[in-house]
Amino acid sequence: MRKAMVLFVGLVASAAFASSEPAEGEKEDVAGYILHHVSDSNELEIEVPLSHNHIPVHLPQLFIPLKAGACEPQSTDHGMVVPGLGAGCLDLSITKHTVMMWLAAVLLIGSILVFSNRDKTKLVPRGTGANIFEMLVLFVRDELAIKNIGKEEGPRYTPYLLTAFFFILFMNLLGLFPWMATATGNIAVTLGLALCTFVLTQVAGIRAAGFGGYLAHLTGGVAPWLWPIMIPVEFLGLFTKPFALTIRLFANMLAGHIVIFFLLGLIFMLGHPAVALVSVPFAMGIYLLELFVAFVQAYVFTMLSALFIGMGVAMAHHHGPEHADEHGHGHKETGHGHDHGKAHVLGS
């Protein structure tokens, strides 16, 4: 990470002095530059320091027509554009955010293979990396899964929470390296992650309370004459949780990168290299803050996922003690995790 910071400073400084004297008649479009770098695209760009040049790496584009001629390019004001899914064309093209997710998945699997304690004769792992990895795994299991879901059901959902935590963490950190991108700054990616938590939450609720108890939970425990009001409210409440997960992660990761690019864009907007003496240190401060935010957002997403799953498991206790005994959950124990999760939400 230290090498990445040094390279980041070098690229910023070189870009500042190289662009301080733009070509005659050339005007820097800072807003367009920022949107271009934070948005998804069908190519990877390797920018060359001390110049305006970049090396594009075009990614494969794959379009599947759901009906004849649906993927034929059409002429628009912005050039030739391939119709979308609404016109019957399924776009499965590889984008730079897709590549970043693949890299994060490789890092996730690689870290498990490298740092996991596969030698069962040694109870304590050796090495700094192995100990840090074990500390994070135990933190997710003990502080997030068990305290929010319960001792009985917490270990069951720990593998998903660990996968979500490290996958999001690696995607967040990849965006801080030169020539990389932040996949979690794409709302489609965060929505996909949130939908995984949403589906698992519903499965946890049905498994804990049964399908009948799950449907009865939508009534909110009120009198039948209030069901026409309560059922729509409870039904909409199911979707507020994944919506919060989606927007929280997306907005926090995207905002930090926009602030960094804007601070560096002051050099171009004011058109003098001396501005770099102020904007570059401020950008470096935000960059260091983004390192912290990368861990915080991975933690918050995982903690909220554990809390929502714990709320689904707790459905069994809302329909009498017989459900709690049937599914093997101690009411006092799960209630403790539920209260602990609420404290976490208030604290975040």
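Rule-based calculations on the coordinates, nothing more; no lab input. Predicted model, so just to flag it, every value in this text is computed and none were measured. Cβ atoms come from the backbone with ideal geometry, glycine included; neighbour counts cover every protein chain shown.
Taking only the alpha carbons of the range 212-321, we obtain Rg and Dmax values of 23.0, 72 Å in that order.
Between Glu47 and Thr76, full extension at 0.36 nm per residue minus the direct alpha carbon distance yields a gain of 7.5 nm. Cα gyration tensor of the range 96-347, axes a ≥ b ≥ c as square roots of the eigenvalues: rounded (a/c below 1.5), prolate (a/b > b/c) or oblate? Oblate, because a/c is 1.5 or more while a/b does not exceed b/c.
Holding the Cα-Cα limit at 31 Å, pick out from Lys96/Lys147; Lys67/Lys96; Lys122/Lys151 the pairs that are longer than that.
Lys96/Lys147
Charge tally around Asn53: other residues with Cβ under 11 Å, Lys/Arg +1 each, Asp/Glu -1 each, net -2.
Listing Thr190, Thr201 from fewest to most neighbouring C-beta atoms within 10 Å gives Thr201, Thr190.
Listing Leu92, Leu103 from fewest to most neighbouring C-beta atoms within 10 Å gives Leu92, Leu103.
What does the charge count around Thr95 come to, taking other residues whose C-beta lies under 9 Å from its C-beta (Lys +1, Arg +1, Asp -1, Glu -1)?
Around Thr95, the charge tally is -1.
Taking the Cβ of each residue in Thr246, Thr121 as the centre, tally the other Cβ atoms inside 10 Å and list the residues starting with the fewest.
Ranked by crowding around the Cβ, least crowded first: Thr121, Thr246.
Each residue, Ser111 and Val233, gets one label point 7 Å from its Cα in the Cβ direction; the gap between the two is 4.1 nm.
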